[in-house]
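Okay, structure first, notes after.
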Number of protein chains: 2
Amino acid sequence: MSKIQIVAGIDVGGTNTAFGFVDSNGKIVAESSIQTHSEQNANQLFERLFAELNMISRKIEKEYELVGIGIGAPNANYYKGTVELPPNLNWGFVNVLEIVKKYSPLPSAITNDANAAAIGEMIFGAAKGMKDFIVITLGTGLGSGIVVNGELVYGADGFAGEVGHTIVDPNGRECGCGRKGCLETYASASGIRRTVYELICNTNTPSKLRNISFDQLTAKDISDAAASGDKLALEAFDYTAKILGLKLADAVAHLSPEAIVLFGGLALAGDLIFVPTKRYMEEYMLNIFKNKVKLIPSALPGGNAAVLGAAALIWNELKKSK
Amino acid sequence: MSKIQIVAGIDVGGTNTAFGFVDSNGKIVAESSIQTHSEQNANQLFERLFAELNMISRKIEKEYELVGIGIGAPNANYYKGTVELPPNLNWGFVNVLEIVKKYSPLPSAITNDANAAAIGEMIFGAAKGMKDFIVITLGTGLGSGIVVNGELVYGADGFAGEVGHTIVDPNGRECGCGRKGCLETYASASGIRRTVYELICNTNTPSKLRNISFDQLTAKDISDAAASGDKLALEAFDYTAKILGLKLADAVAHLSPEAIVLFGGLALAGDLIFVPTKRYMEEYMLNIFKNKVKLIPSALPGGNAAVLGAAALIWNELKKSK
């Protein structure tokens, strides 16, 4: 009996590093995770990771053949195989694919989380069959992965797809990148928290959110308040959607995608974010694009999306090399 | 002796329609033009055009073999072969490639002027050998052509590359597209004229441009004034460059190009536009892109650039189909 081919999808996070063995249909046949220990270097992580990965691999090797390794990691460069000064890991500048080669001779590839999510949506999720689309991840920041002609856009140096760092207002909110007014300071889980506080200070609109300190306030608190009719929370969603819709219209003007897929924490707010974002996006779009571009939620199962994205990355590479 | 292969590059303009026979090195071996007569329909234009084209073709047919026809036209759709409601032509919605088939059985292709310029730069001009770059045409409006992985980006519906209609300020200047604050209302030959008039009304800066009516004022007047040290004209270039640099930084965040090529009337102002645009673009770019993206002038010979672009379009198609 011939074995079923699987790949390992690895998602390196600041706290945990998760992996799954994923078949070509996106089914996770086994999975596990280890603590990342962000103070350690990359070598130490991958030594522990491959110990765990090989243990699980041996358990399933009668039925399955491992054929590749895909990795999603912050600040990863697809071309060079490197991770460069990741904000939450003590890695510095490191060639991850060279480290991986010490533990496995299999084909491997690495990219950042948002790009992995985009390939995941293309191979297993909401963008199946699409050749031109954009994935926007609305987490702590705003990440994006752009697909053109069925290929992920890496650009000249591997860092394309930084829609979160397009500028809304050059005199706007301070961004973690050192500049001001980047889209992610408005449209992200942390952006909407800042907007709530701006509305608290600028308006007299009563709100239960006035009882929560900034550090305690979560995007979920804001969604819950909005869902129960809290006016200030609803206003915060409207403002977030207005800015996101404006900049998505700009992205459409560049790329004319078939769809934009929203992914991540803030996207889970559902209609609260989708309905006004679509309305503003249509309002701000050039005539020739109006009513053509779908705005849709991710169709990757939440908890495993990053692992599936990393698996999709290497499945896609294996398909291309055939 | 075997004949040298050539293609016909056709540039449909509001006043004149020019064409040239172009070899695979970008050499124009013969050329001519006819009046467009914008009140006529597309059938009438191409009947007259092919009469002229065939006449010239017969003169050179001993030496040259015509192998394809490339067309650049306003509002052209590459996928469908159509031109859709061009602003300066009485064409309505018309399938141009079907009309062309009546006159020639050769392979043909059509795209808009800015896309043709981008392919022209890739095949014959400043972007030779580049796989990721953007061409910005600074004419009456602002057009753009985007190349990713060596392929022009058409997007899902053929209308990608509308960087001129990204939004600088949703409450800004009225745009011909019916919206407000589009980039081309600031960064274009007509945009800088509007900026001069804004500065005339908002400042007391003395300027020889105060003697020229809006309708008479040209981008060349502004360049000439700036070159001779006119403060208001220099301020207008600085303001134009600031907004262009900001939105080019946004384009870089999407696409991470190797270079941005500036083309068209306003680009001829040279250092007056290149130096401040580069400075602002660097200022507004995310760290990872700084000092990596070239800002360079077109290398297509001015008068023939549109014809060369249309020729490059069909040479590129012929190359792909091999």
Convert each backbone phi in segment B:66-80 into a coupling constant with the Karplus relation 6.51 cos²θ - 1.76 cosθ + 1.60 (shift: θ = phi - 60°), then list the ³J(HN,Hα) values in order as whole Hz, x for Gly and Pro. 6, 10, x, 10, x, 10, x, 8, x, 6, 7, 10, 4, 5, 8
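Quick one: dipole size for segment A:36-161, taken about the Cα centre, charges +1 on Lys/Arg Cβ and -1 on Asp/Glu Cβ, in debye to the nearest 20. Intermediate values should be presented prior to the final figure.
On the way: 9 positive and 13 negative charges, 47 e Å.
Dipole size: approximately 220 debye.
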Taking chain A as a Gaussian network, where each spring joins two C-alpha atoms under 10 Å apart, which residue of A:GLY13, A:GLY229, A:GLY70 fluctuates the most? A:GLY229
So who's got an amide H within less than 5 Å of the one on B:ALA30, skipping anything under 5 residues away but keeping other chains? H placed 1.01 Å off N, in plane. B:PHE21
What does the net charge come to around A:GLU258 if you take all other residues with beta carbon closer than 13 Å to its beta carbon, with K and R at +1 and D and E at -1? +1
Nearest 20 debye, what's the magnitude of the dipole of segment B:130-297 about its Cα centre given +1 on Lys and Arg Cβ and -1 on Asp and Glu Cβ? 260
Expected max-MSF residue from B:LEU53, B:LEU138, B:LEU199 in the GNM of chain B (alpha carbon, under 10 Å) is B:LEU199
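Assuming a ≥ b ≥ c are the square roots of the Cα gyration tensor eigenvalues, decide whether the protein assembly as shown counts as rounded (a/c under 1.5), prolate (otherwise, with a/b larger than b/c) or oblate. Let's see the in-between values first.
Numbers: a/c = 2.07, a/b = 1.37, b/c = 1.52.
Oblate shape, in that a/c is at least 1.5 and b/c is the bigger or equal ratio.
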A:VAL168's amide H: which non-local residues (gap 5+, or another chain) put their own amide H closer than 5 Å, with H modeled 1.01 Å from N in plane and none for Pro or chain starts? A:CYS182, A:LEU183
Hey, with R₀ at 35 Å, roughly what FRET efficiency would A:LYS319 and B:GLU282 work out to, going by the Cβ-Cβ distance, to 0.05? 0.35
Backbone N within segment B:17-46 under 12 Å of label point (7 Å from B:MET55 Cα along the Cβ vector): B:32-35
Using +1 at the Cβ of each Lys and Arg and -1 at the Cβ of each Asp and Glu in the protein assembly as shown, identify which of A:ALA306, A:LEU272, A:GLY70 lies farthest towards the dipole's positive end. A:GLY70
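Write out the trypsin sites (Lys or Arg not before Pro) in segment A:68-126 meeting two conditions: DSSP loop, and at most 16 other Cβ atoms within 10 Å of their Cβ. Let's see the in-between values first.
Numbers: sites: A:LYS80, A:LYS101, A:LYS102; in loops: A:LYS80.
Of the trypsin sites (Lys or Arg not before Pro), the ones in loops of segment A:68-126 whose Cβ has at most 16 other Cβ atoms within 10 Å are A:LYS80.
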Give me the distance in nm between label points sitting 7 Å out from Cα along the Cα-to-Cβ direction at A:VAL67 and A:ARG48, one decimal. 3.2
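Output the antiparallel fraction of DSSP beta bridges having both residues in chain A, as a percent to the nearest 5. Could the numbers behind the result be given before it?
Numbers: 29 of 50 bridges.
Of the beta bridges lying entirely in chain A, close to 60 percent run antiparallel.
Give the Kirkwood hydrodynamic radius (Å, one decimal) of chain B, defined as one over the mean of 1/r across all pairs of different Cα atoms. List each step's numbers first, then the result.
On the way: mean 1/r = 0.0489 Å⁻¹.
Taking every pair of different Cα atoms in chain B, averaging 1/r and inverting gives 20.4 Å.
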Using DSSP, restrict attention to beta bridges with both residues in the protein assembly as shown and report what percent are antiparallel, rounded to the nearest 5. 60
Along segment A:219-226, Karplus-curve 3J(HN,Hα) (6.51, -1.76, 1.60; θ = phi - 60°) to the nearest Hz, with x for Gly and Pro, reads 4, 5, 4, 5, 4, 4, 4, 4
Over segment A:21-158 - Rg/Rh using Cα atoms and the Kirkwood inverse-distance radius: 0.96
For segment B:49-61, Karplus-derived ³J(HN,Hα) couplings (6.51, -1.76, 1.60; θ = phi - 60°; whole Hz; x for glycine and proline) come out as 5, 5, 4, 5, 4, 5, 4, 5, 4, 5, 5, 10, 6
Listed by chain and number, the residues whose amide H is under 5 Å from that of B:GLN5, excluding neighbours fewer than 5 places away on the same chain and using placed H, are B:GLU65
Take the alpha-carbon centre of segment A:93-110, take the same for segment A:197-270, and report the distance between them in whole Å. 39
Run the helix sum for the protein assembly as shown: -39,500 (n - 2.57) per DSSP H stretch of 4+ residues, divided by residue count, reported at 222 nm to the nearest 500 deg cm²/dmol. -12000 deg cm²/dmol
Please build a GNM for chain A, connecting alpha carbons under 10 Å apart, and tell me which residue among A:MET285, A:MET55, A:MET122 fluctuates the most. A:MET55
In the neighbourhood of B:ARG194 defined by beta carbon distances under 11 Å, the net charge of the other residues (Lys, Arg +1; Asp, Glu -1) is -1
Rounded to whole angstrom, the alpha-carbon centroid of segment B:1-64 lies from that of segment A:123-153 at a distance of 42
Mean shadow area of segment A:131-238, taken as a quarter of the surface of its Cα convex hull (nm²): 8.2
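Coordinate-derived values only; no laboratory data. Owing to the predicted nature of the structure, the values given are computational and were not obtained by experimental measurement. Cβ: placed from backbone, ideal geometry, glycine included. Neighbour counts: every protein chain shown.
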